[in-house]
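Here is the structure we will look at, set down as structure tokens.
Bear in mind these aren't lab numbers, they're just calculated from the coordinates by the rules spelled out. All values derive from a computational prediction rather than experimental measurement. Because the Cβ atoms are built from the backbone with ideal geometry, glycine has one as well, and the counts that use them run over all protein chains shown.
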């Protein structure tokens with residue numbers, strides 16, 4: 001941001017020009033409901049080359065390449081995007097496929113979280129629960145474009161939540 | 001008003017949105033982001049706050065933290081829109097200490113800046129007013145409104161803003 005842009009931002013604020021869209025304020029207030037007290041936040045980590053991607057999601061035909069996951073890595077044309085998060089000795093791999101109207105997601109928790117664990121795939125307005133396989137794999141389809149986070153709830157341990165990612169075409 | 005983040009309840013959160021939402025929006029828009037991208041930058045900052053509540057040591061700096069975080073997110077989106085390689089998500093949000101945006105975006109600064117705009121000659125006064133009040137207007141539209149050649153809008157904008165900044169610095 002240059003000095004000129006600081007000046008323009010200060011002028012806009014003082015003028016009350018360019019009002020905040022109502023949706024932006026509504027979404028900001030709604031974030032309060034997304035708190036996860038006690039959760040560990042899993043930050044993004046690099047994915048080693050040659051990592052096998054989770055097999056939980058059958059690739060539908062005719063999907064578009066994920067050109068716009070803004071929050072990590074380089075575009076990988078023609079391939080679903082693999083993101084890796086880690087915290088507390090647990091790794092969560094998330095494979096994202098961006099389609100025209102929705103997002104498909106497959107992933108794997110390692111080490112496998114065991115019996116009674118739940119994986120919650122969250123967007124600001126929708127939450128889906130999946131019970132991971134014995135090898136920790138999970139998948140869901142039909143998520144809206146935009147923000148998402150994956151949370152692994154483990155009996156007797158704090159939940160692990162990936163940092164929120166913005167996924168758009 | 002200090003915030004006890006351990007006890008940050010919903011009314012306190014709504015108060016934060018009320019107090020800082022507009023400044024965050026203005027910072028994102030000042031990067032030239034369209035409304036969808038600016039909304040993402042602002043929402044990113046709120047989501048980072050939820051993720052980072054336990055790491056914030058100084059509740060009185062939450063506002064500055066939100067503005068700094070919005071600026072970082074807006075910069076990342078701006079870079080990616082400009083065709084630069086997507087920046088990796090930073091592992092940690094930098095501390096807001098000494099952030100010039102947070103320091104500058106006060107009501108008093110705004111009043112002083114507008115008073116200074118009013119002392120500028122034309123076309124600076126009209127051009128800056130239009131740029132501020134019609135943030136989506138392109139150079140072609142500005143050129144039509146001000147009856148100026150389109151090629152002179154960019155240089156004039158830069159010259160007017162430099163003049164404005166020098167007035168403010170003289171005033172300090």
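Across peptide A:159-166, the average count of Cβ atoms from other chains found within 10 Å of a residue's Cβ is 4.
Ordering B:18, B:73, B:169 by the number of other Cβ atoms within 10 Å of each residue's own Cβ, fewest first, gives B:169, B:18, B:73.
Highest mean packing comes first when the peptides B:22-29, B:135-142, B:35-42, A:115-122 are listed by Cβ atoms within 10 Å, giving B:22-29, B:35-42, A:115-122, B:135-142.
How many partner chain Cβ atoms sit within 10 Å of a residue's Cβ in peptide B:24-33, on average, as a whole number?
For peptide B:24-33, the averaged partner shielding equals 6.
For the segment B:126-132, counting C-beta atoms of other chains within 10 Å of every residue's C-beta and taking the mean gives 3. One decimal place: the segment residue B:140-residue B:119 gains 5.0 nm when fully extended, by the rule 0.36 nm per residue minus the C-alpha distance. Pairwise Cα distances in the range A:102-169 exceed 15 Å for 48 percent of all pairs.
Derived value for the range B:120-164: Kirkwood hydrodynamic radius 10.2 Å. Basis is the mean of 1/r over every pair of different alpha-carbon atoms.
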